[in-house]
Amino acid sequence: MKHYEVEILDAKTKDKLCFLDKVEPNATIGEIKSMFHKSHPQWYPARQSIRLDPKGKSLKDEDVLQHLPVGTTATFYFRDLGAQISWVTVFLTEYTGPLVIYLMFYFRVPFIYAPKYDFTTSKHWVVHLACMCHSFHYMKRLLETLFVHRFSHGTMPLRNIFKNCTYYWGFAAWMAYYINHPLYTPPIYGEQQIRLALIIFLFCQIGNFSIHIALRNLRPPGSKTRKIPYPTKNPFTWIFLLVSCPNYTYELGSWLGFTVMTQCLPVAFFTMVGFIQMTVWAKGKHRSYLKEFRDYPPLRSPILPFVL
Amino acid sequence: MSAAAAGTSKAAHGDVAPKKRRGPGALAYLVIYNVVMTAGWLVIAVGLVRAYLARGSYHGLYYSIEKPLKFFQTGAMLEILHCAVGIVPSSVVLTGFQVMSRVFLTWAVTHSVREVQSEDSVLLFVTAWTVTEIIRYSFYTFSLLNHLPFLIKWARYTFFFVLYPMGVTGELLTIYAALPYVQKTGLYSVTLPNKYNFSFDYHSFLILVMISYIPLFPQLYFHMIRQRKKVLGHIEDYSKVE
């Protein structure tokens with residue numbers, strides 16, 4: 001079996017950073033990253049981007065050396081992706097914040113509202129309902145992060161955690177401030193409005209969860225395969241007939257429900273911003289599906305049936 | 001911040017003479033647009049000079065150019081459309097931010113708070129904007145016609161050294177002057193309780209705007225300095241050749 005020689009150059013300066021001899025032909029990029037890490041301990045594999053061309057796309061960890069368009073002396077280019085943090089860590093942090101922060105406003109912890117309101121509770125029952133819904137939503141997200149989701153990428157750039165937490169924690173505080181305010185005004189149409197909103201919210205929470213389970217079942221544990229999702233026996237997944245990313249559709253629905261339930265403009269803003277971001281993601285995902293799968297169902301839209 | 005910031009959108013793309021993906025119709029439109037804007041700001045400049053000569057003082061010159069200032073500064077919002085449609089190769093977000101911050105100062109501060117209109121700080125930023133825009137729009141006009149005099153290019157990348165801090169100072173002082181009136185009258189503010197469960201304190205918002213100048217101003221200023229080195233860098237090369 002002839003061995004390969006691998007040299008790794010810096011993509012920007014073209015300096016020779018590492019030379020590996022006697023590399024097995026069936027070695028993966030992941031294994032090469034581990035070897036590179038040994039000679040440069042500050043660059044752990046997650047922050048290495050290895051490519052064939054200095055300006056090209058990153059090679060995947062699963063790519064095998066002998067199947068790449070390289071000679072027996074392979075030259076790779078390295079780019080430092082910067083400090084990385086695991087997706088799980090980011091999700092857990094960004095979701096725990098809103099859960100805790102909202103409760104601080106709900107219990108009217110001191111220094112938020114006027115001192116005479118410290119540790120009092122709202123007299124409106126919709127405020128208690130809203131707290132339960134908001135807390136349920138983020139508990140569900142935390143549990144899904146721990147037990148349901150299967151992540152394609154292990155890590156993301158470290159700076160994302162600051163950006164994401166600012167977004168989630170900031171909006172949570174802004175919404176919670178008004179909903180739990182002593183001068184909060186309950187919904188105009190009273191019980192009818194709240195009941196309808198609650199039904200929409202719960203329906204979409206179940207829907208969103210059903211989609212997460214369906215997506216999880218597409219992918220065997222530890223794998224990174226991608227398949228087209230299809231409707232299952234669960235009626236909440238039948239929306240796959242019309243939409244590529246129904247998890248985002250249901251998420252929008254949940255927050256619309258919460259907006260109607262609380263009749264709070266900041267919640268409406270949060271819903272709108274989230275909708276814009278999710279639409280961007282859905283369009284990207286939809287485009288990747290179309291590129292990857294020849295037989296992708298043509299009836300589907302990215303996020304809103306027939307519309308968007 | 002808006003003073004020289006309006007120059008950075010093109011600067012960010014190295015001021016490539018933009019002729020790539022638009023037809024002759026778009027080119028003609030842009031030339032006309034930039035000529036009209038150059039003329040507009042010249043009108044404002046002339047208006048300021050004439051009013052000063054007539055009155056003999058710097059005080060209250062805002063009123064003499066209030067209408068053309070509002071018209072041409074608001075008209076600049078078209079530039080966001082130009083980026084969105086693609087006839088100008090700049091970022092929609094960056095251009096939008098720059099134009100809207102100018103529009104904000106013009107309408108939401110100076111127009112809305114009558115008491116600051118006679119402040120000298122208004123003259124300070126209006127002058128900075130006027131000189132900047134005359135140079136900027138003539139720069140674009142000549143670039144589009146592929147006939148850019150070095151003087152205009154030099155002016156665009158040199159005057160900002162003074163105009164930018166001058167404009168920022170004028171803007172900040174004006175916002176600061178507006179604060180007590182906004183607080184007293186509750187201008188543009190919404191209080192609880194109300195059926196939308198929303199509140200907004202314009203006074204606090206203006207303070208936040210002022211604070212935002214601290215991180216933003218140096219970034220934009222140093223960006224222009226870097227662009228200057230790139231665009232005018234060859235002057236130093238000539239002297240080395242001697």
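Residues in region A:67-76: is at least one modelled with pLDDT of 90 or more and either surrounded by 14 or more Cβ atoms within 10 Å (Cβ to Cβ) or outside the structural domain of A:LYS163 (by the TED database) (or both)? Yes, because at least one residue in region A:67-76 is modelled with pLDDT of 90 or more and either surrounded by 14 or more Cβ atoms within 10 Å (Cβ to Cβ) or outside the structural domain of A:LYS163 (by the TED database) (or both). Looking for something touching a Cys at 6+ places or on another chain (Cβ under 9 Å) and either of a type outside the set (Gly, Ala, Ser) or at pLDDT 90 or above (or both) - is there at least one such residue anywhere in region A:11-29? Among the residues of region A:11-29, not one is touching a Cys at 6+ places or on another chain (Cβ under 9 Å) and either of a type outside the set (Gly, Ala, Ser) or at pLDDT 90 or above (or both), which makes the answer no. The criterion of being within 30 Å of A:ILE206 (Cα to Cα) and β-branched (Val, Ile, Thr) holds for A:VAL100. Please go through region A:159-199 and pick out each residue that is open to solvent by 60 Å² or more (accessible area, probe 1.4 Å), within 23 Å of the chain's Cα centre (by Cα) and more than 14 Å from chain B (Cβ to nearest Cβ). A:ARG159, A:PHE162, A:LYS163, A:THR166, A:TYR167, A:TRP169 - these are the residues of region A:159-199 that are open to solvent by 60 Å² or more (accessible area, probe 1.4 Å), within 23 Å of the chain's Cα centre (by Cα) and more than 14 Å from chain B (Cβ to nearest Cβ). A:PRO25 meets all of the listed conditions (1) in a loop (DSSP other than H, G, I, E, B); (2) touching a residue at least 60 places away in the same chain (Cβ under 8 Å) but one, namely (2). Of the helices (runs of 4 or more DSSP H) entirely within region B:136-242, those holding at least 1 residues that are within 14 Å of another protein chain (Cβ to nearest Cβ) occupy B:202-232.
When B:GLY7, B:GLY40 are screened for being open to solvent by less than 50 Å² (accessible area, probe 1.4 Å) and modelled with pLDDT under 90, only B:GLY7 passes. Within the option set A:PHE19, A:PHE91, A:PHE107, being open to solvent by less than 70 Å² (accessible area, probe 1.4 Å) and at negative phi holds for one residue only, A:PHE91.
Scanning region B:179-226 for residues that are over 25 Å from the mean Cα position of the chain (by Cα), open to solvent by 70 Å² or more (accessible area, probe 1.4 Å) and β-branched (Val, Ile, Thr) gives B:THR185, B:THR191.
The set of residues in region B:44-66 being surrounded by fewer than 15 Cβ atoms within 10 Å (Cβ to Cβ), touching a helix residue (DSSP H, G or I) at 6+ places or on another chain (Cβ under 7 Å) and part of a helix (DSSP H, G or I) is empty.
Of note, A:PRO41 does not satisfy the criterion of being assigned by the TED database to the domain that holds A:TYR178, assigned to a loop (DSSP other than H, G, I, E, B) and free of Cβ contacts under 8 Å to residues at least 12 places away in the same chain.
Suppose we filter A:LEU242, A:LEU265 for residues that are more than 20 Å from the chain's Cα centre (by Cα), surrounded by 13 or more Cβ atoms within 10 Å (Cβ to Cβ) and within 14 Å of chain B (Cβ to nearest Cβ); which single one remains? Before you say what the answer is, go through the steps one by one.
Working: A:LEU242 fails: within 14 Å of chain B (Cβ to nearest Cβ).
When all the criteria are applied, what remains is A:LEU265.
Applying the condition of being among the β-branched types (Val, Ile, Thr) and buried (at least 16 other Cβ atoms within 10 Å of the Cβ) to region A:140-158 and asking which residue is farthest from the other protein chains (Cβ to nearest Cβ) yields A:THR145.
In region B:106-135, what count of residues is obtained for those that are among the small types (Gly, Ala, Ser) and within 18 Å of B:HIS203 (Cα to Cα)? Walk me through it before giving the result.
Taking region B:106-135 first, the residues among the small types (Gly, Ala, Ser) are B:108, B:112, B:118, B:121, B:128.
If we keep only those that are within 18 Å of B:HIS203 (Cα to Cα) too, we end up with B:108, B:112.
Of the residues in that region, 2 qualify.
Is it the case, given these coordinates, that A:PHE270 is touching a helix residue (DSSP H, G or I) at 6+ places or on another chain (Cβ under 6 Å), within 14 Å of chain B (Cβ to nearest Cβ) and of a type outside the set (Asp, Glu)? Here the answer is yes, as A:PHE270 does meet what is asked. Residues of region A:105-116 include none that is touching a helix residue (DSSP H, G or I) at 6+ places or on another chain (Cβ under 9 Å), under 24 Å from A:LEU215 (Cα atoms) and part of a helix (DSSP H, G or I).
Regarding region A:279-288, can at least one residue be identified that is within 14 Å of chain B (Cβ to nearest Cβ), over 20 Å from A:GLY170 (Cα atoms), in a helix (DSSP H, G or I) and open to solvent by 60 Å² or more (accessible area, probe 1.4 Å)? Please lay out each step first, then the result.
Of region A:279-288, the ones within 14 Å of chain B (Cβ to nearest Cβ) are A:280.
Restricting the remaining residues to those that are over 20 Å from A:GLY170 (Cα atoms) gives A:280.
Still in the list and also in a helix (DSSP H, G or I): A:280.
Applying the additional criterion that residues be open to solvent by 60 Å² or more (accessible area, probe 1.4 Å) yields A:280.
There is at least one residue in region A:279-288 that is within 14 Å of chain B (Cβ to nearest Cβ), over 20 Å from A:GLY170 (Cα atoms), in a helix (DSSP H, G or I) and open to solvent by 60 Å² or more (accessible area, probe 1.4 Å).
From the list A:ILE211, A:ILE194, the one residue that fits, being within 20 Å of B:LYS195 (Cβ to Cβ) and in the same structural domain as A:PRO98 (by the TED database), is A:ILE194.
A single entry from A:LEU99, A:LEU146 fulfils the requirement of being part of a helix (DSSP H, G or I) and at pLDDT below 95: A:LEU146. Anything in region B:81-115 that is open to solvent by 40 Å² or more (accessible area, probe 1.4 Å) and either over 23 Å from B:VAL182 (Cα atoms) or not charged (D, E, K, R) (or both)? List them, or say none. Scanning region B:81-115 gives B:LEU81, B:ALA84, B:VAL85, B:SER91, B:VAL92, B:VAL93, B:LEU94, B:PHE97, B:MET100, B:PHE104, B:TRP107, B:HIS111.
Taking the conditions (1) within 14 Å of chain B (Cβ to nearest Cβ); (2) touching a Lys or Arg at 6+ places or on another chain (Cβ under 8 Å) in turn, A:PHE209 satisfies each one other than (1).
The values are calculated or read from the model by the stated rules, or taken from the named source; none is laboratory data. Note that this is a predicted model, so its numbers are computed, not measured. Counting neighbours? That spans all protein chains shown, and the Cβs are built from the backbone with ideal geometry, glycine included. What goes into the accessible areas is simple: the full protein's heavy atoms, side chains included, and nothing from ligands, DNA or RNA. Shrake-Rupley method; radii C 1.70, N 1.55, O 1.52, S 1.80 Å.
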